Amino acid sequence: MGLEPYLKAMRENPDFDIIIGGRAYDPSPYAAFCVFHGFHNLGINYAMGKIMECGAQCSIPKSRESLAIIRDDSFDMIPLDPKSKCTTVSVASHFLYEKTRPDILHGPGGALHLDETTYEQLDDRSVRVRNARFVPEAEGEYTVKLEGAKVNGYQSIFLGALRDPILLQQLDSWIEMIRKLAKERLDDYGFEYEMKIHKYGVNGVMGPLEPDQSIGKEVFIAGQARAATQEQADQVAGMFKFGFTHAPYPGQLATAGNFAWPFTPCEIPMGPLSEFCVYHIVHKVDPIALFPIKAIEVSGDNTYVHQPRSLGPIQEKTFSGKSKKLVSSRKYWLTPEPLEGTCYLADVASVLRSKNSGPYELTFDVMFPSKEVYERVKQTGILTPETICKLYSVSERNVQASLFFDQAMAYKATITRPAVSGGFGETDTHGSQQHIPLMYLKLPFGRE
């Protein structure tokens, strides 16, 4: 839902203390609160809400809470942690976060346009944002997003590790043999099942997007079984765990067992497995009718008064630009050293991250510390849809966005997820560890 149900609730209950909302566009409560208090510029309201819904993630270093000061034509962002600051780039770059593209952010009833937005550094710690525009849908074309999930069976897991180098040399073929042995035994019971084997140390985090399939000295196994009932899922997990523990392999010397598990019992029932099944834009809807409002008055002497624990004296010193926990004399972290005359993208980036953009897309953000570095990388012509395809082994039709965003000195790319977020076989539910191939992208100039 958009801001309309929140605004209706506020106007009908102007002395409200708390509003608990259901599934909503993240900036909606903030935008509604602004309209409730007489600020009707939805571009400014929604842009402010997009920043505020993540606290002070727009600050450097990122911190917990921030303060927004709203005006008719602008808003200011200030982090509440005195050791943190906002910059024009840190605020502008937050509009990339969890979005398919940074310049047009679609939401209920319209889209937030940021292509002409400006950012002004007011002092060492605060930034003013202007010229965000909200473009509404045509009259009668209001849209909301319809989401739905279903229970798709039950799941059970088992966990353990493999260390024998003879076994690890033939890991994939050995796992296929275990699948065949388990199937022969489970076929007698007559129920359908699925088994996903996550191989941490090979491609456990990135799955099919992993470009480096080499194996280290040990591999952690997470087996995930799905079946129609919990008992069946437990049975499948137990059968596969038995196979991992005792199945033979060519060249075997260690006949006492293959599988090291840290927990007993090794098989863990996980309960129902939920998956997205509905994710659609609904057109021509009433922005309020789909979202019922209920007001509850809780009797009592007074609203609960929070008594904060003592946190010591208030820090009055201004931001020093340094954080002892984060500062290191080390300039470059990635190994091995790149070839002479080249560097890695991570060597010159100030932020390089991945995250979900909804349950069906994965998005990448690369930010740079200065306009000089940004323009230098941009002029190489390396950050393109073709490069993203090569790094992540996806076809060009699965690249949803690839563009530079000058306001944030950033590059944005978005691809279709290989699996729906949180579904069976998921390797990274938030999508926050898929950025590594981009880190190692080579640029045609050396480390400095």
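The values are calculated or read from the model by the stated rules, or taken from the named source; none is laboratory data. The model shown is predicted, which means the values in this text are computed figures rather than measured ones. Every residue, glycine among them, receives a Cβ derived from its backbone with ideal geometry; neighbour counts consider all protein chains shown.
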Practice task
Only residues that are touching an Asp or Glu at 6+ places or on another chain (Cβ under 8 Å) and among the hydrophobic types (A, V, I, L, M, F, W, C): list them for region 14-40, please.
Solution key: Ala32, Phe39
Handout entry: Where Asp15 falls short, out of the listed (1) of a type in the set (Asp, Glu); (2) under 23 Å from Phe291 (Cβ atoms); (3) at pLDDT 95 or above
Key = (3)
Problem - Extreme residue, farthest from the chain's Cα centre (by Cα), among residues of region 238-287 that are acidic (Asp, Glu) and surrounded by 11 or more Cβ atoms within 10 Å (Cβ to Cβ) - result: Glu267
Problem - Residues that are out of contact with any Ser or Thr (no Cβ under 7 Å at 6 or more places or on another chain), in contact (Cβ under 8 Å) with a residue 40 or more places away in the chain and of a type in the set (Val, Ile, Thr), drawn from region 246-283 - result: Val278
Exercise for the section: Could you grab me the full set of residues in region 82-104 that are touching a Phe, Trp or Tyr at 6+ places or on another chain (Cβ under 9 Å) and surrounded by fewer than 23 Cβ atoms within 10 Å (Cβ to Cβ)? Expected result: Pro82, Lys83, Ser84, Thr87, Thr88, Arg101, Asp103
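Go through region 424-447 and give me each residue that's assigned to a loop (DSSP other than H, G, I, E, B), in contact with a Phe, Trp or Tyr (Cβ under 8 Å, 6 or more places away or on another chain) and buried (at least 18 other Cβ atoms within 10 Å of the Cβ).
Across region 424-447, the qualifying residues are Gln434, His435, Leu441.
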Practice task
Could you check how many residues of region 348-377 are more than 17 Å from Trp333 (Cα to Cα) and over 17 Å from the mean Cα position of the chain (by Cα)?
Solution key: 8
Completion exercise
Residues of region 204-236 being under 28 Å from the mean Cα position of the chain (by Cα) and without any contact (Cβ under 8 Å) to a residue 40 or more places away in the chain, in sequence order, are Glu210, Asp212, Gln213, Ser214, Gly216
Problem - Neighbours by Cβ (under 7 Å, 6+ apart or cross-chain): first from region 52-71, in the same structural domain as Thr87 (by TED's automatic domain parsing) and over 15 Å from Asp26 (Cβ atoms); second surrounded by 14 or more Cβ atoms within 10 Å (Cβ to Cβ) and of a type in the set (Phe, Trp, Tyr) - result: Ile69/Phe75; Ile70/Phe39
Practice task
State whether the residues of region 167-176 include one that is more than 26 Å from the chain's Cα centre (by Cα), of a type in the set (Phe, Trp, Tyr) and closer than 30 Å to Leu42 by Cα.
Solution key: no
Handout entry: Residue match in region 433-445 (condition: in contact with a Ser or Thr (Cβ under 7 Å, 6 or more places away or on another chain), free of Cβ contacts under 8 Å to residues at least 40 places away in the same chain and closer than 30 Å to Tyr25 by Cβ)
Key = no
Completion exercise
Going through (1) outside any loop (DSSP other than H, G, I, E, B); (2) modelled with pLDDT of 95 or more one by one, Glu275 fails only at (2)
Problem - Total residues in region 223-264, condition within 17 Å of Glu184 (Cβ to Cβ) and touching a Lys or Arg at 6+ places or on another chain (Cβ under 7 Å) - result: 1
Fill in the blank from the handout: Residue pairs qualifying under the 8 Å Cβ cut-off, at least six apart or on distinct chains, with the first in region 284-299 being assigned by TED's automatic domain parsing to the domain that holds Ile20 and the second being part of a loop (DSSP other than H, G, I, E, B), are none
